[in-house]
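Values quoted throughout were computed directly from the atomic coordinates according to the rules given, and no laboratory measurement underlies them. Everything quoted here is computed from the prediction, not taken from an experiment. Neighbour counts run over all protein chains shown; Cβ positions are idealised from the backbone, glycine included.
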Amino acid sequence: MVLPKETATVSAAETGKKSTSAAVPAGVAPASATKSTTSPPTITSAPGSTRLIALAGNPNCGKSALFNRLTGLYVNVSNFPGTTVDISKGSWLGAELIDTPGVYGVGSYSDEERIARDSLLQADVVINVVNATTLERDLFLTLQLLDMGVPMVIALNMMDEAEHLGIKLDIPMLAHLTGVPVVPIVAIAGRGIDELTKAVASPKIGISDAQAIKAVQEERRRLAAEAQETGRIADPGRIADPGRISQGMLLLLAEGDEEIAQRLGVPPGEHRELIYTQRRRRADRLAAKVIKGGGEQKLGQILGEWTARPIVGIPVLLLVLWGLYWFIGVVVAQIVVEYTEGILFTEYYEPFVRQLMATFLSAENFVYKLLAGEFGLLTMTVTYLFGLLLPLVAGFYLVLSIMEDSGYLPRVALLTDKILNRLGLNGRAVIPMILGLGCVTMATFTTRVLASKRERTIALALLGIAIPCSAQLGVIAVLVTPLGLAAVAFYVAIILLIYGLIGVTLNRMLPGRSSDLLLDLPPLRLPQPANILKKTASRVSAFLAEAAPIFAVGVLLVAVLQETGILEAIQRAVGPLTAGWLQLPPESAQAFVMGLVRRDFGAAGLYSLAMTAHQKLVASITITLFVPCIASMLVLFKERGVRDALAIFLGSIFVAIGTGGLVSRLIYLIGWNLP
Amino acid sequence: MFSQSVKTATETEAQTLTLADARPGETYRIISISPWDGREQLLRMGLVEGSEVYCITAFGHGPVAVRSGRTNIAIGWGLARQIMVKKVEKMASGVGRPVGVGEGRWFDGFAQRNRHRFGRRDR
C-alpha cells in the first residue's frame, strides 16, 4: 500500500499520541486504550503489524452497514441512532477496521463519545461516513475531524436516498472545500465500495479551520510553557516534548475535553464556544455550497412527521402495540407454540427420547431421571428451549427488528418522553426498555446511551424489576392470554403501575436532575427483509448461546434438589409465603427457585403446574416482578457494582412477593371470577 | 448551573419566546441558546443562533420536534426552554429560505401544483 506524503509527516506526532494513551493508568483508560499496547506506534512501522482504520460518523449514518459490507462480518444495523454502543473490530485490506459508536462530535459528552474519541485518536486512517441526506448536520463532525488533522476519506453514504429525495450534491466541491477524497457510496447495496477502497489507500489530511489551528498552536505553546516550568507533563520521561503531541489531542484539549486535559496533566482549554460556533457556521457555509438541489418531502418524511404528532402518533402507537400483542400473544404464543411445544415436542420428541433411554436405563435410575425425568435434560430442557422459547423469542425479535429498521422507535421515544420525565427518565430510555422486552441482559448494556448516572440507575432498576424479557413474556403470554382480554389488561395494568411507582419513587429519592431529550428522528424507511432476517437470526442465536447452558445447569440443579429432597424442604420452608401469602400451590416454590436461575425458566416452571385461573394470574405477576436472571445480575454487577445490584436483587424479591399477595386479595375483594 | 440558565431566560425580553412555546406549523428563528451542557450538542446537531427551525409537533409541557434543514430533532421540554426564539412570518414564495425550512404543511406543494383542479385557494 502506497503511503501518501501527508501521513509520513504525522508519524512523529503519532508516536507521541500513542505513548500518551499508553501513559494513562489502566483504571482511567477506557477499554479501547488497551489497544495502544498492541497497535503499531507509527504508520510506517515494521511489516506484519496492522494499520488501524476507523469508521466515524453521526448516529444512524450507516457506519455499521459499511462495516458489514467491508469486513463480511455482521454487526447490528438499524434505523435508530445509537445502535452501536461498543466498538466492533474486523479486518479489511490487511488492516484492522473498527466501527465506532455514532457521534455528532468528538468529545467526552457521553460514554459513546469517549469510546469513539479514543479509537479516533489511535486511528491511522479515518473513514468519515456522511449521510448525504443530512449533510448540514453531518458536516460538523467532518470539520472536527479535519481540525484534528487525521488522514481521512469521506464516504458519502445513502446516495440513493438523496437521489430519491431530489437532493443534488456537488461532490467535487465538497472534496475541494474539505481537501480530502470524497466517495459517493450506497453501503447497504454495496455501491461505490471499490472506489472507496482505492481512496482509502491514499487518504489526505484535510483543510483545518484557521481558528482551530490558532487554538491548537496556542495549546501547544501553553503545554511547552508548562513543560518548561515544571520540567514534565503528566508521566515523566514519556511526553517531555509537547511538539510530539498530536493535533487531535491538542484540539480536544483546546475544546475543553477534561479527560484529555487530565491525561496531559494540564487544565482544559477554553476555546470550545468559539471553535464550536465557528465550526457550525463553516458547516452551514459548506453545505450551502455543496447542496445544489433542494430536495422534496417524500412519503418517508411525511409519514415520519405525522407519526411524531400526538393526534396520529398515539393511535398509531396503540395500533403497533395491539399488533405486537396479536402477533406474540395470539399467533406465536398460542398457534405456533401449540404446535411446536404441544405436538412436535410433547407428543413426538419426548416419548421417543423416553423410549430410547428406557432401553438403556430403568425408569427408577437417577441418571434416567436426570436425562428423561420430569426435569430431564433431554426432555423438559429441550422442549422448553426449542418448543416454547425459541418460537417466542424469534417472534419477538422479528417484530423488534422491523420496528428498528423502519425508524419507528425514535417516534416512540418522542411520544413517551413526557411520561418518562415523571419517572426521572427521558424518551431515550424507551429504547433500553423495549430492548429489555427482548432480553434484559442485552438491554442493560444499552442503558449506556443514557446521559447521567441517575438515569442509568433508574433505568436499571426498572429493567431489573418491572420489565419481563421476551422468553419470560412469551411463557406468561401462554399462561395469561387464554384467561381472556380482561386478564391480560389486568396483568399489564399491574405491571405498569409497579413500573410507574418504582420510577416515581426513585425520581424523588435520587438527588439531582435528569437530562432532557435530544434525539434525531430519522425518516421512516421500508425495512429490508434480508437485514431483518439476518438481525433476527443473529439475536436468536445469541439468545440460544446464552440461555441453553444456563438453562441446562438450572435444570440439573432442580433435578438434584428434587432427588435429594432439598426442593421439598424449600417448599415447606417458604410455604407460608407461597401457599399462605400468595395463595399459590406449594409446588410453585420450585418455579421461584428456578426463577433465580433464569426469569423465563421460572415462568416455564409455572407453566407445568396445575393452577386455577386466579392463581395463574397472580403467579404470572409475581414471577414477572421477581429477580433478574443470573446473566443480567452478572452484567449489573459489572456495570454498577455490588451495592446497586444487591439493592435491585432484594428490591425485586420484596416487590414481587408483596405485589403478588396484594393482587391475589384484590381479585377476591372485587369479586372477579376468572374463567 | 441550572439556576443560572433559568435566570438568563427571564432576563431576555418579554416578547421573545422559548422553543417550548413553539406551535406546530410555525417557523422560528433561534435568538440565543443558554450556555449549558445541552448547547454544544445542539450546535453539533445543527442548531445555532440565527438558524431557522420549523415546528413539527409540540406536546404541552412536553417535548418539541423541529425540522432544521433536512434533519428532524426531538428536544425535551427543559432543553427547549433554554432556547430563545422569535417567530418568523411565512414568506410569500419559497425563494431565499433554507432548504426544508418553513415549507408550511406538507400538502401545500401538492395543492399548489394542482391548483387548477381545486380552484383558487385563499390563504
Per residue convex hull volume, Cα only, the range A:266-343, in Å³ is 279
Over all alpha-carbon pairs of the range A:478-615, lay out the pair-distance distribution in 5 Å bins, whole %, shortest bin first. 2, 7, 10, 12, 13, 13, 16, 12, 7, 4, 2, 1
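Please rank B:Trp36, B:Trp77, A:Trp326, fewest neighbouring Cβ atoms within 10 Å first, as an exposure proxy.
On the way: B:Trp36 14, B:Trp77 22, A:Trp326 11.
Fewest-to-most Cβ neighbours within 10 Å comes out as A:Trp326, B:Trp36, B:Trp77.
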Between helix A:453-466 and chain A, what is the angle of the helix's C-alpha long axis to the longest principal axis, kept within 0 to 90° and rounded to the nearest 10? 20
Ranked output for segments A:307-318, A:115-126 by mean other Cβ atoms within 10 Å, highest leading, reads A:115-126, A:307-318
In whole Hz and in residue order, list the ³J(HN,Hα) couplings for the range A:115-126 that follow from phi through the Karplus curve 6.51 cos²θ - 1.76 cosθ + 1.60, θ = phi - 60°; x for Gly and Pro. 4, 4, 4, 5, 6, 5, 5, 8, 5, 7, 9, 10
With a point put 7 Å past each Cα toward its Cβ, work out how far A:Glu374 is from A:Ala542 in nm, to one decimal. 3.7
Among the listed pairs A:Lys289/B:Lys87; A:Lys168/B:Lys87; A:Lys168/A:Lys453; A:Lys63/A:Lys168; A:Lys214/A:Lys638, which have their C-alpha atoms separated by more than 32 angstrom in this model? A:Lys168/A:Lys453; A:Lys214/A:Lys638
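Would you list A:Ile98, A:Ile207 from fewest to most Cβ contacts within 10 Å? It would help to have the intermediate numbers written out before the result.
Numbers: A:Ile98 24, A:Ile207 15.
Going from sparsest to densest Cβ surroundings: A:Ile207, A:Ile98.
Before rounding to the nearest 500, sum -39500 (n - 2.57) across all DSSP H runs of length at least 4 in chain A and divide by the residue total; then give [θ] at 222 nm in deg cm²/dmol.
Numbers: 29 runs with 387 residues, N = 675.
So the helix-based figure for chain A works out to -18500 deg cm²/dmol.
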Once the principal axes of the Cα atoms of the range A:84-174 are found, what is the range along each, listed largest first in whole angstroms? 36, 32, 25
Write down the Å³ per residue value for the convex hull defined by the alpha carbon atoms of the range A:297-410. 111
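Taking 10 °C and 1.306 mPa s as the conditions, I'd like the Stokes-Einstein D for the range A:345-456 in µm²/s, using the Kirkwood hydrodynamic radius from alpha carbon pairs. Before the final figure, lay out each step's value.
Details: Rh = 17.2 Å.
The diffusion coefficient I find is 92 µm²/s.
State, as an integer percentage, the relative contact order of chain A based on alpha-carbon contacts under 8 Å between residues 6 or more apart.
Here the relative contact order equals 11 percent.
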Using only the Cα atoms of the range A:136-196, what are the Rg and Dmax in Å? 11.9, 34
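Considering every residue in A:419-430, what mean count of other chain Cβ atoms within 10 Å of its Cβ is obtained? Each step should come with its number before you reach the end.
Values: counts 1, 1, 6, 0, 0, 0, 0, 6, 4, 2, 0, 0.
Rounded to a whole number, the mean comes out at 2.
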Separation of the range B:13-91 and the range A:383-416 by C-alpha centroid, Å? 33
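Under 1.5 on a/c is rounded, so check that first for the range A:469-536, then, if it is not, pick prolate when a/b is larger than b/c and oblate when it is not; a ≥ b ≥ c are the square roots of the alpha carbon gyration tensor eigenvalues. Walk me through the numbers before you get to the answer.
Details: a/c = 2.58, a/b = 1.04, b/c = 2.48.
Oblate is the answer for the range A:469-536, as a/c is 1.5 or above yet b/c matches or exceeds a/b.
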When the C-alpha atoms of the range A:394-487 are aligned to their principal axes, what extent does each axis show, in angstrom, from largest down? 41, 29, 25
Given points 7 Å out from each Cα along the Cα-Cβ axis, report the A:Trp326 to A:Ile419 separation in nanometres with one decimal. 2.0
Pairwise over distinct Cα atoms, reciprocal of the mean inverse distance: report the Kirkwood radius of the range A:102-147 in Å, one decimal place. 11.0
Quick check: the angle from helix A:529-563's long axis to the longest principal axis of chain A, C-alpha only, nearest 10 degrees? 50
Taking only Cα atoms, what is the 0 to 90° angle, nearest 10, from helix A:210-230's long axis to the longest principal axis of chain A? 90
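Averaged over its residues, how many other protein chain Cβ atoms are within 10 Å of peptide B:47-60's Cβ atoms? Mind dumping the intermediate values first?
Details: counts 3, 8, 3, 3, 4, 0, 0, 1, 0, 7, 12, 2, 7, 2.
Average per residue, whole number: 4.
Stick to Cα atoms and the Kirkwood definition of Rh, then tell me Rg/Rh for the range A:105-244. Walk me through the numbers on the way to the answer.
Numbers: Rg = 18.1 Å, Rh = 16.9 Å.
With Rg and the Kirkwood Rh in hand, the quotient comes to 1.07.
Note the per residue figure in Å³ for the convex hull of the C-alpha positions in chain A. Mind showing how you got there, number by number?
Numbers: hull volume 121.6 nm³, N = 675.
Given the Cα convex hull of chain A, per-residue volume reads 180 Å³.
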